[in-house]
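The values are calculated or read from the model by the stated rules, or taken from the named source; none is laboratory data. Note that the structure is a prediction, hence the values are computed from the model and not measured. Quick reminder, even Gly has a Cβ in these numbers, built from the backbone with ideal geometry, and neighbours come from all protein chains shown.
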Amino acid sequence: MELKQLYQEIILDHAKNPRNKGKCKDYNHDAKAHNPLCGDKVHIYLNLDKDKNIKGLSFEGEGCAISLASASILTDTLKGRDITFTKNITNNFLNMLKNKSKISLNSLSEDQITTINSLSGVQEFPMRIKCATMAWHALLSAIEKKN
Ligand code: ZN
């Protein structure tokens, strides 16, 4: 299978069957983001424990396939991780879309890297970059913001 085709299938799978949708149990951080260009909306919920580990991570949202897939992939990749890792991977991801760099973090599995890379196709469509980055920006604000 061609890589481009594989990436499309990953995005469609996450958009049709989003992981971690709804409010996660006992969330203590949350943040919303909105993409007026496309009409996408996302609300990130996060349960951060005393040791700065993400115990719960989920989202609610509506919008295009890319925005939903991106939020779903985010929750799937970062649930159970600590804050340092989460900030690193988020910056890595935003950098990938902005500067067309590659995701490179040792503690991700090959599968996880392929899944995240599936969103790299939007690099070619500047209008759609916000669809893919919105949830990740919301995650960063949720971390900073307490309920
Ligand atoms: Zn969109």
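Look through the stretch 61-78, keep the residues that are among the hydrophobic types (A, V, I, L, M, F, W, C) and out of contact with any Pro (no Cβ under 9 Å at 6 or more places or on another chain), and return whichever of them is nearest to the ligand (Cβ to nearest atom). Here the residue is C64. Please verify whether the stretch 39-55 includes one or more residues that are surrounded by 13 or more Cβ atoms within 10 Å (Cβ to Cβ), out of contact with any strand residue (DSSP E or B) (no Cβ under 8 Å at 6 or more places or on another chain) and touching a residue at least 12 places away in the same chain (Cβ under 8 Å). No - not one qualifying residue is present in the stretch 39-55. Taking the stretch 56-122 and the helices (runs of 4 or more DSSP H) fully enclosed by it, the elements with 1 or more residues that are aromatic (F, W, Y) are at 83-99.
Please work out if M134 is surrounded by fewer than 17 Cβ atoms within 10 Å (Cβ to Cβ), within 16 Å of the ligand (Cβ to nearest atom) and assigned to a helix (DSSP H, G or I). I'd like the intermediate steps shown before the answer.
On the way: surrounded by fewer than 17 Cβ atoms within 10 Å (Cβ to Cβ): no; within 16 Å of the ligand (Cβ to nearest atom): yes; assigned to a helix (DSSP H, G or I): yes.
No; evaluated as a whole, the condition is false for this residue.
Somewhere in the stretch 15-22, is a residue surrounded by 14 or more Cβ atoms within 10 Å (Cβ to Cβ) and in a helix (DSSP H, G or I)? There is at least one residue in the stretch 15-22 that is surrounded by 14 or more Cβ atoms within 10 Å (Cβ to Cβ) and in a helix (DSSP H, G or I). Candidates in the stretch 104-131 are the residues that are within 16 Å of the ligand (Cβ to nearest atom) and among the β-branched types (V, I, T); of these, the one that is nearest to L57 (Cα to Cα) is I129. The condition of being over 21 Å from H34 (Cα atoms), among the hydroxyl-bearing types (S, T, Y) and surrounded by fewer than 20 Cβ atoms within 10 Å (Cβ to Cβ) holds for only one of S107, S118, S141, that being S107. Among the conditions (1) within 11 Å of the ligand (Cβ to nearest atom); (2) within 18 Å of K87 (Cα to Cα); (3) of a type outside the set (V, I, T); (4) modelled with pLDDT under 95, L37 misses just one, which is (2).
Count of the stretch 106-147 residues, restricted to those that are among the small types (G, A, S) and over 15 Å from N95 (Cα atoms), is 5. For the residues S118, S70, S107, S101, the requirement of being of a type in the set (G, A, S) and without any contact (Cβ under 8 Å) to a residue 12 or more places away in the chain singles out S101. Out of S101, S58, one residue alone is under 17 Å from A132 (Cα atoms), modelled with pLDDT under 95, more than 16 Å from the ligand (Cβ to nearest atom) and hydroxyl-bearing (S, T, Y). It is S101. Residues in the stretch 56-93 that are touching a helix residue (DSSP H, G or I) at 6+ places or on another chain (Cβ under 6 Å) and surrounded by fewer than 20 Cβ atoms within 10 Å (Cβ to Cβ): C64, A65.
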